Amino acid sequence: MTTDIPAQPPVVVSPAEQQAPRHAVVVALEAAGATVEPHVPEAPALEIGAYLRYTALPIADVDLAPLRPEQSAEIFRQALMRHGIHAHITVIDEQDSARRTVIRPVSTDDAFRLADVITDHLPPVYAAAHRLRSALRAAGLEQPCVSVDGARVLRGGQWTELPARQVVLGRVCAEAAWQWLAVLDPESEAAVPADEKQVWRLPGRFLRVADFVTGVRLDVTGVPCEGCGHTRDLDFGVLEPEEADRLAEVIEAAPDARSSSTTETMKV
């Protein structure tokens, strides 16, 4: 004798409740070097369109760049299933040779698992960039566009990806750079100089302070304004993964210094 169990109605999750899992996937994809598209209101709440870097997603165990879109989509889907993640994957080759991937986790649990799997399998250079980016955000510091090098190139009629090897820090404004210095060295002048001409001091200060406090030689250079010619931004150059890790470690360990430097700045 069998007893039929009434089917339970599907759990309907509102788009607002799905923002947290979607955001987790977006952060993970960005950590893996992907360019994520803004969410379209009429699209499913968990759907994410992105331009992926396959070399940052080793979970597929195969180079997906030269494969046909339908092949890479199916291999990626199966790789996610091996990690217990159910998701709809669509890959489209666009006219400008870019490859767009649409990922739609089946459930919020799948979305959270996807985010965890991506971040857990980041190659060292991506993991270092992600850690430094997260440390800067947590410290309340304006950050440059922390990214990695590497590129997708066409060779012999096939697309391939050049692996990333360095963390790229990019530009930061002068005011934010003074705040960086105050965190790296609380004993230094914490206040932002009122005279903009003091910007010229920043590259040398970073060379001395960062090297002394962290052991990392930041190659900071001034970026002249195209309009007026004055230096208002600085380019922080590139770092090796272990250097980015060391810089992140120092920033993570300095919350008290950051709060005290902010207080001193407000007094001026």
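Answer with yes or no whether V62 is of a type in the set (A, V, I, L, M, F, W, C) and assigned to a loop (DSSP other than H, G, I, E, B). Break it down into steps so the answer makes sense when it comes.
Values: of a type in the set (A, V, I, L, M, F, W, C): yes; assigned to a loop (DSSP other than H, G, I, E, B): yes.
In short, yes.
Quick check on the range 65-80. Is at least one of its residues under 30 Å from R155 (Cα atoms), at pLDDT below 90 and touching a Lys or Arg at 6+ places or on another chain (Cβ under 8 Å)?
For the range 65-80, residues under 30 Å from R155 (Cα atoms), at pLDDT below 90 and touching a Lys or Arg at 6+ places or on another chain (Cβ under 8 Å): present.
Take the range 79-110 and flag every residue that is over 22 Å from A65 (Cβ atoms) and outside any strand (DSSP E or B).
Selection gives G84, H86, V106, S107, T108, D109, D110.
Does any residue of the range 165-185 turn out to be assigned to a loop (DSSP other than H, G, I, E, B), in contact with a helix residue (DSSP H, G or I) (Cβ under 9 Å, 6 or more places away or on another chain), under 12 Å from A32 (Cα atoms) and modelled with pLDDT under 95? Give the derivation first.
Start the filter on the range 165-185 by keeping residues that are assigned to a loop (DSSP other than H, G, I, E, B), which leaves 165-166, 169-170, 185.
Add one more test, that the residue is in contact with a helix residue (DSSP H, G or I) (Cβ under 9 Å, 6 or more places away or on another chain), and what stays is 165-166, 169, 185.
Pick out the ones that are also under 12 Å from A32 (Cα atoms) and you get none.
Among the residues of the range 165-185, not one is assigned to a loop (DSSP other than H, G, I, E, B), in contact with a helix residue (DSSP H, G or I) (Cβ under 9 Å, 6 or more places away or on another chain), under 12 Å from A32 (Cα atoms) and modelled with pLDDT under 95, which makes the answer no.
Could you give every pair whose Cβ atoms fall below 8 Å, whose first residue belongs to the range 118-138 and is over 23 Å from D61 (Cβ atoms) and among the acidic types (D, E), and whose second residue is at pLDDT 90 or above and surrounded by 20 or more Cβ atoms within 10 Å (Cβ to Cβ), counting only separations of at least 6 or pairs across chains?
none
If you go through the range 239-259 one residue at a time, how many are at pLDDT 80 or above, under 20 Å from R137 (Cβ atoms) and surrounded by 14 or more Cβ atoms within 10 Å (Cβ to Cβ)?
Step one: of the range 239-259, the residues at pLDDT 80 or above are 239-253.
Now drop any that are not under 20 Å from R137 (Cβ atoms), which leaves 239, 241, 243-253.
Then keep just the ones that are surrounded by 14 or more Cβ atoms within 10 Å (Cβ to Cβ); that gives 239, 241, 243-252.
Going through the range 239-259 one residue at a time, the tally reaches 12.
Scan (1) in a helix (DSSP H, G or I); (2) in contact (Cβ under 8 Å) with a residue 60 or more places away in the chain for the single condition E161 breaks and write down its number.
E161 satisfies every listed condition except (1).
From the set of residues in the range 81-105 that are farther than 15 Å from V25 by Cβ and either assigned by TED's automatic domain parsing to the domain that holds V153 or of a type in the set (S, T, Y) (or both), which is modelled with the lowest pLDDT?
Here the residue is S97.
Taking only the range 28-59 into account, find how many residues are in a helix (DSSP H, G or I) and either polar (S, T, N, Q) or in contact with a strand residue (DSSP E or B) (Cβ under 9 Å, 6 or more places away or on another chain) (or both). Before the answer, list the steps.
Taking the range 28-59 as the starting set, the residues that turn out to be in a helix (DSSP H, G or I) are 28-31, 54-56, 58-59.
Next, only the ones that are either polar (S, T, N, Q) or in contact with a strand residue (DSSP E or B) (Cβ under 9 Å, 6 or more places away or on another chain) (or both) stay: 29-30, 54-56.
Summing the residues that are in a helix (DSSP H, G or I) and either polar (S, T, N, Q) or in contact with a strand residue (DSSP E or B) (Cβ under 9 Å, 6 or more places away or on another chain) (or both) in the range 28-59 gives 5.
Of the numbered conditions (1) of a type in the set (D, E, K, R); (2) assigned to a loop (DSSP other than H, G, I, E, B); (3) crowded, with 17+ Cβ neighbours inside 10 Å, R113 fails exactly one; give the number of that condition.
(2)
The values are calculated or read from the model by the stated rules, or taken from the named source; none is laboratory data. Fair warning: this is a prediction, and the values are worked out from it, not measured in the lab. Every residue, glycine among them, receives a Cβ derived from its backbone with ideal geometry; neighbour counts consider all protein chains shown.
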